[in-house]
1. From largest accessible area down, sort 299, 291, 151, 82; use a 1.4 Å probe on the protein chains.
2. Report the FRET efficiency, 1/(1 + (r/R0)^6), for residue 311 and residue 81, where r is their Cβ-Cβ distance and R0 is 60 Å, rounded to 0.05.
3. For residue 311, which sequence-distant residues (separation of 5 or more, or a different chain) have an amide H within less than 5 Å of its own amide H, given hydrogens modelled in the peptide plane?
4. Post the alpha-carbon centroid distance, the stretch 398-450 to the stretch 318-395, in whole angstrom.
5. Above 31 Å lies some portion of the pair distances; for the chain, what is it as a whole percent of all C-alpha pairs?
6. With a ≥ b ≥ c taken as the square roots of the eigenvalues of the C-alpha gyration tensor of the stretch 232-387, please select rounded if a/c is under 1.5 and otherwise prolate if a/b is larger than b/c or oblate if it is not?
7. Out of all DSSP beta bridges in the chain, what portion is antiparallel? Express it as a percent rounded to 5.
8. First measure r as the distance between the Cβ atoms of residue 157 and residue 353, then evaluate 1/(1 + (r/R0)^6) with R0 = 41 Å and state the FRET efficiency to the nearest 0.05.
Amino acid sequence: MGIKITLAAAAISILVISGCSNNVKPEKEMDHSTMNHEMEEMDHSTMGEMMEGHMSHDEVVMLNDSTGENELKIPTMLEQDDGEDVVYTVRAQKGKTEIFNGTETETYGYNGSFLGPMLRFEKGDKVKIRTINELDEATTFHWHGLEVPADVDGGPHDALEPGEEKVIEFEVTQEASTLWFHPHPEGKTSEQVYNGLAGLIYIEDDNSKSLGLPSVYGENDIPLIFQDRKFDDKKQLNYSAAKNEDGTIGDTLLVNGTLNPKLTVNKEKVRLRLLNGSNARNFTFKLNTGDSFVQIATDGGFLNEPVTLKEVTLTPSERAEIIVDFSQIDTEKDLALTNEDGSILLPFEVLDQSRAISKIPGVMNDISLTEEEMDLPVTKKIELFGMMDMVTINGKKYDPERIDFTQQQGVMEVWEIYNKPDDMGGMIHPFHIHGTQFKIISRNGEAPPENERGWKDSISIHPDETVKIAIQFNHKGVYMFHCHILEHEDNGMMGQVKVE
Ligand SMILES: [Cu+2]
């Protein structure tokens with residue numbers, strides 16, 4: 001039985017590796033016929049190593065360096081519709097976007113041809129959003145990280161057919177944070193996000209406004225949506241050609257939809273709100289000079305104290321807010337945000353103007369794990385397993401008719417999530433739960449790193465790692481939990497918890 005599974009997996013992987021061979025850096029490239037021959041000759045362990053390299057995304061194609069020739073685009077802040085209520089209109093639509101000079105690329109966007117506007121909410125707002133589907137296919141509007149009742153969460157049960165619209169209402173009850181929105185239709189999420197459907201949500205509250213952090217939108221408070229894409233010969237996105245069942249990866253980076261971006265800043269503290277909006281690529285952000293920065297927020301709010309770091313890793317859908325102090329860095333050198341392999345993601349141009357109004361307070365929040373929470377028994381166990389289109393949670397694929405777990409509204413529970421390796425080593429799965437924010441209790445029995453001691457809605461889980469989280473839902477309904485490698489999600493690595 002075990003052998004059969006391994007062989008089937010290996011056969012599929014071979015197809016993918018040969019399909020991806022033009023993606024791999026030249027020194028690793030192999031001629032097809034040689035490779036097929038070598039595959040037959042190869043003993044199992046060698047093949048295993050090769051698969052592991054691909055599957056663990058250790059050897060994914062490097063991103064092309066940003067040349068910095070285009071100033072970073074900043075998403076527009078969405079204006080409220082006229083009237084007394086807080087009402088917004090968000091349309092999913094098709095369009096053409098000039099990503100490359102002189103070429104139109106067919107794209108999707110919200111209220112525009114590509115990506116979406118930023119929605120800014122205040123804690124306590126009663127929000128109404130008129131969602132409209134102007135695409136030729138069904139879609140949903142999912143508010144990633146928002147603590148809202150399940151019937152407005154925009155999971156796969158809430159599809160709007162082409163031409164349909166729906167007004168949703170909710171109250172913003174959670175603290176200041178950087179969230180986002182994207183489609184979540186069953187089996188089509190990866191393609192729709194890939195084509196450009198993604199936008200940002202900022203929540204502000206009394207605390208965020210009193211901390212004195214950099215907060216001039218687009219000037220020293222910068223949203224950064226990182227997405228890798230693979231363009232075809234005609235500079236089109238062509239998802240079906242680029243698609244990889246194990247997570248679609250590209251060689252071209254777009255930040256806020258900008259190709260070859262550069263960010264111009266003053267000599268001051270600048271807050272970067274990082275979102276990994278990729279289908280599958282992981283990023284480890286660092287400064288090319290080796291300088292440190294501070295992380296101030298996780299997915300769902302501020303850390304208690306700023307954490308000084310030289311790098312921060314985000315798997316798909318995770319966010320981190322960091323502050324880079326450009327008044328303290330040697331700006332004579334070329335400065336850039338890079339990935340862990342050194343590829344240049346975002347060059348900075350530092351102007352001479354210095355400002356000194358913002359500060360980083362020593363205490364920003366009051367979130368902690370209580371003794372009581374740490375002592376709670378594990379009441380739900382989740383096992384992530386597989387790769388390609390053979391991904392499962394607790395041995396099962398998503399079934400819209402099946403409720404996997406139930407939980408009482410307002411009751412804290414401990415979930416234990418385990419990433420079971422396969423014969424080929426396995427890969428990181430970014431695990432996301434809808435409708436709430438949770439706290440990490442432990443990773444493999446150890447306290448989480450300091451920069452993960454904040455509210456989270458998505459968490460990276462490494463092969464053979466066990467993570468415990470404390471989680472409570474404040475609203476009722478059926479919520480999704482799933483891998484946020486979008487192709488894994490579409491391939492059924494998803495389950496449902498019903499909150500009663
Ligand atoms: Cu996964």
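The values are calculated or read from the model by the stated rules, or taken from the named source; none is laboratory data. Source: prediction; values computed, not measured. Please note: Cβ atoms are built from the backbone with ideal geometry, for glycine as well, and neighbour counts cover all protein chains shown. All accessible areas refer to the heavy atoms of the entire protein, side chains included, with ligands and DNA or RNA removed. Shrake-Rupley method; radii C 1.70, N 1.55, O 1.52, S 1.80 Å.
1. 82, 151, 291, 299
2. On the way: r = 42 Å, r/R0 = 0.70.
Between residue 311 and residue 81 the formula returns 0.90.
3. Under 5 Å from the amide H of residue 311: no residue qualifies.
4. So the two Cα centres are separated by 19 Å.
5. On the way: 53920 of 124750 pairs.
Beyond 31 Å sits 43 percent of the P(r) for the chain.
6. Working: a/c = 2.56, a/b = 1.03, b/c = 2.48.
Oblate, because a/c is 1.5 or more while a/b does not exceed b/c.
7. On the way: 81 of 118 bridges.
Taking every DSSP beta bridge within the chain, about 70 percent pair in antiparallel fashion.
8. Numbers: r = 51 Å, r/R0 = 1.24.
So, using R0 = 41 Å, E works out to roughly 0.20.
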